[in-house]
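The values are calculated or read from the model by the stated rules, or taken from the named source; none is laboratory data. Predicted, not measured: the structure shown is a model, and the values here were computed from it. Note: ideal-geometry Cβ built from the backbone for every residue, glycine included; neighbour counts use all protein chains shown.
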Amino acid sequence: MGKPRVIEQLRSTLKTMNSMRPMGTPLAVDFGVSALRVLKVSSGNPASIESAAQLATPDDLLDNPAKRILFQFDALPKLIKSGKMTGLRAACVIPTQQMSCKHLQVTPVPGVPIGDIAAGQMCDRLGCEPGALLVRSIEVGPSKQANKQEVICFGASKAFVGRMMDAIKRAKLEPVGIHNTFETLRQIIPDTADQSGSSLLIDLGSACTVVMIVHKGQMVFARTIEHGAISFDQAICRQFRCSLMEARSMRERITEIAAVTTGVQQSANPHPSMDDPDINEPIEIMIDEIMMCLRYYKASFPDVPLERAYFVGGMAGHKAISAHLARVLNLETRVVDPMSTLGRAGKVPVSGVDLSKPQPGWATTVGCAMCPTDL
């Protein structure tokens, strides 16, 4: 699949979504780990970027989710103003760290929706009261276990979601959509309904790595790996006793990672010098977790092969790491820049982001702008 076709498919998706919105698109608000991002797109065909604003997370808050989210809640009104945003409605994304994702094997009960049964089972798994959890579910199909259905469940604290909505209201906006990371990322995968194989999407984020598999337009696998770019940087910090900022700069300067030969993964940096960071451990952990996901998928869908992979997220822009993952996966792969699928109507008001460069880290934000409103 060539790049022009990928971009055209994403633009087609945007056209379809925008045709469903006579009131126009709301602001898309993404409380990401590395940055707070806000995007406004037009409701025309094709959709265009009207404004975009980004506020990077201070280094001392990157590994402190509670303080980071409070910082972003307080910063939201000013960021909207800096980006010259217009509109009174907003949709936002539940941060991945604040959401639980589980595959459940559910026994159907006559007269009871599968989603309700799965929600109760999800609460039991997490040890919380049903009234305390906001649960959404996706039915995958018959389970390998007899008389059971496989369901993907996403759960988030209702109290936290309420705090997000309060932050939106304090910014003088009306909340019209609350989405999870998987819902938003699903929007940016090109439509493969006419193809037999499945698509793998890996979001290489700051604190987490999101793995999702889609077959003929349906999500059939989803998992969050608690391991991301910060894990790489912390490993470098331990090696050199440096700050997180210095470690990130060292990681970004890595230009080559050893190839995979004879089916065996070589060390990421087999002969590091005193000045070269050794990222063997974090990249091997990430690959092991991804391979575990692929084994689960293969066991569930032995007759539906994976044919392609898409990389998004901030670390997807790291050419050496993305190339190394592509070699290990042995699939047709592509780093997707969702911002490139949006038009530009003249000079776009921006703050904190350079639209002349690829922005794979904006995948969740663009996906949020494409999701139907659900409140």
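Side notes on the structure shown:
- Selection from the range 284-302 of residues that are surrounded by 16 or more Cβ atoms within 10 Å (Cβ to Cβ) and closer than 21 Å to Gln145 by Cβ: Cys293, Leu294, Tyr297, Ser300, Phe301
- Among the conditions (1) in the same structural domain as Ser51 (by TED's automatic domain parsing); (2) under 22 Å from Thr224 (Cα atoms), the only one that Leu126 does not satisfy is (1).
- Within the range 22-43, restricting attention to residues that are assigned to a loop (DSSP other than H, G, I, E, B) and in contact with a Ser or Thr (Cβ under 6 Å, 6 or more places away or on another chain), the residue that is modelled with the lowest pLDDT is Gly24.
- One residue from Ile138, Ile117 being of a type outside the set (Asp, Glu), surrounded by 15 or more Cβ atoms within 10 Å (Cβ to Cβ) and touching a residue at least 40 places away in the same chain (Cβ under 8 Å): Ile138
- Cβ pairs under 6 Å, 6+ apart, first in the range 23-34 and over 17 Å from Gly313 (Cα atoms) and assigned by TED's automatic domain parsing to the domain that holds Gln54, second at pLDDT 95 or above and surrounded by fewer than 24 Cβ atoms within 10 Å (Cβ to Cβ): Pro26/Arg89; Pro26/Val176
- Yes/no for Pro46 being over 18 Å from the mean Cα position of the chain (by Cα), in the same structural domain as Ile94 (by TED's automatic domain parsing) and not in a helix (DSSP H, G or I): yes
- Looking at Ala90, Ala56, just one residue is within 19 Å of Gly352 (Cβ to Cβ), among the small types (Gly, Ala, Ser) and buried (at least 22 other Cβ atoms within 10 Å of the Cβ), and that residue is Ala90.
- Here Leu79 fulfils each of the conditions (1) at pLDDT 95 or above; (2) under 23 Å from Val210 (Cβ atoms); (3) touching a Ser or Thr at 6+ places or on another chain (Cβ under 9 Å) apart from (2).
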